[in-house]
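Trainee: Take this structure first; my questions come after.
The values are calculated or read from the model by the stated rules, or taken from the named source; none is laboratory data. Nothing here was measured: the structure is a model prediction, and the numbers come from that model. With ideal geometry, Cβ positions are generated from the backbone for all residues, glycine too; neighbour counts draw on all protein chains shown. Accessible surface areas use protein heavy atoms only, side chains included; no ligands, DNA or RNA. Shrake-Rupley method; radii C 1.70, N 1.55, O 1.52, S 1.80 Å.
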Amino acid sequence: MILDEGGEFPASVLDALRQPLENGVIQVHRSGVSATYPARFQLVVATNPCPCGQYGVPGGSCECAPQAIRRYTRRLSGPLLDRIDIDLRLQRVSTARHESSSRTVSSERAREIVAAARAQAARRWAQTPWRRNADVPGTWLRGRAAPSPEVLRPLDTALRRGALTLRGYDRLLRVAWTVADIAGHEQLRSDDVGRALYLRRGAGA
């Protein structure tokens, strides 16, 4: 599911995504009747920094009032952002020229990398009910599958200072394991955790 111009959607619409993102189901309740539907999906949200799109852009000239910027950005609520694994700020494209072909990855190569990472994750969780990092509960990731305290220290620090919730902590651990699988690491390393923090803007700041 792709939401372009996410800041243009009403906050109530965006927050309706929280339950399916968390549980993978949608529950509909009516008088005396309830129904549950499967709703596991991948969410990609893109949004500008303000209504005019110029706030904070090098060389840009934002004409939005401060309250308009706050209202715009607050539509993506904290609880919704807490359920988004990767949060990156991208710079505006400044040139159409390809810098280097060596920096690109073909779709075929990307598919091979993803397949290898998923196979490694499946081998790791072979003795459990799960096969994907995304499915492993946080209690397991922080318990029987937990790496050394030194590897977890950046996450613990972010949790203590309030930059992460426990939900965010668990989601970052899943991302870190995925980073490790892509890199071919059998065990979770500090640099895998660091990369996961980088991919979640604000948590590692």
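Trainee: Give Ala110, Ala117, Ala196, Ala163 a once-over and let me know the one that is farther than 26 Å from Gln91 by Cα, among the small types (Gly, Ala, Ser) and open to solvent by less than 60 Å² (accessible area, probe 1.4 Å).
Mentor: Numbers: Ala110 fails: farther than 26 Å from Gln91 by Cα; Ala196 fails: farther than 26 Å from Gln91 by Cα; Ala163 fails: farther than 26 Å from Gln91 by Cα.
Sole residue among the options that is farther than 26 Å from Gln91 by Cα, among the small types (Gly, Ala, Ser) and open to solvent by less than 60 Å² (accessible area, probe 1.4 Å): Ala117.
Trainee: Scan region 162-177 and give yes if some residue there is free of Cβ contacts under 8 Å to residues at least 12 places away in the same chain, assigned to a loop (DSSP other than H, G, I, E, B) and over 20 Å from Ile86 (Cα atoms), otherwise no.
Mentor: Within region 162-177 (the criterion being free of Cβ contacts under 8 Å to residues at least 12 places away in the same chain, assigned to a loop (DSSP other than H, G, I, E, B) and over 20 Å from Ile86 (Cα atoms)), the answer is no, since none of the residues qualifies.
Trainee: Moving to a separate point now. What is the one condition in (1) at pLDDT 90 or above; (2) in a helix (DSSP H, G or I) that Glu22 does not satisfy?
Mentor: Of (1) at pLDDT 90 or above; (2) in a helix (DSSP H, G or I), only one is false for Glu22: (1).
Trainee: Name every residue in region 18-33 that is closer than 27 Å to Ile84 by Cβ, free of Cβ contacts under 8 Å to residues at least 40 places away in the same chain and not β-branched (Val, Ile, Thr), in order of residue number.
Mentor: Selection gives Gln19, Pro20, Asn23, Gly24, Gln27, His29.
Trainee: Right, something else. Looking only at region 14-37, which residues are surrounded by 12 or more Cβ atoms within 10 Å (Cβ to Cβ) and either closer than 29 Å to Gln91 by Cα or of a type outside the set (Val, Ile, Thr) (or both)?
Mentor: Matches in region 14-37: Leu14, Asp15, Ala16, Leu17, Arg18, Gln19, Pro20, Leu21, Glu22, Asn23, Gly24, Gln27.
Trainee: Something else now. Among the candidates Ser148, Ser77, which residue alone is closer than 27 Å to Thr178 by Cβ, of a type in the set (Gly, Ala, Ser) and over 20 Å from the mean Cα position of the chain (by Cα)?
Mentor: Testing whether each residue is closer than 27 Å to Thr178 by Cβ, of a type in the set (Gly, Ala, Ser) and over 20 Å from the mean Cα position of the chain (by Cα) leaves just Ser148.
Trainee: Let me ask you something else. Looking only at region 38-59, decide whether some residue is surrounded by 10 or more Cβ atoms within 10 Å (Cβ to Cβ), in a strand (DSSP E or B), modelled with pLDDT under 90 and more than 15 Å from the chain's Cα centre (by Cα).
Mentor: No, region 38-59 contains no residue that is surrounded by 10 or more Cβ atoms within 10 Å (Cβ to Cβ), in a strand (DSSP E or B), modelled with pLDDT under 90 and more than 15 Å from the chain's Cα centre (by Cα).
Trainee: Of the residues that sit in region 176-193 and are surrounded by 21 or more Cβ atoms within 10 Å (Cβ to Cβ) and not aromatic (Phe, Trp, Tyr), which one is nearest to Gly138 (Cα to Cα)?
Mentor: In the first step, residues of region 176-193 are kept if they are surrounded by 21 or more Cβ atoms within 10 Å (Cβ to Cβ); the result is 176-181, 188, 192-193.
After this cut, where a residue has to be not aromatic (Phe, Trp, Tyr) as well, the list is 176, 178-181, 188, 192-193.
Numbers: Ala176: 13, Thr178: 14, Val179: 17, Ala180: 17, Asp181: 18, Leu188: 15, Asp192: 17, Val193: 15 Å.
The selected residue is Ala176.
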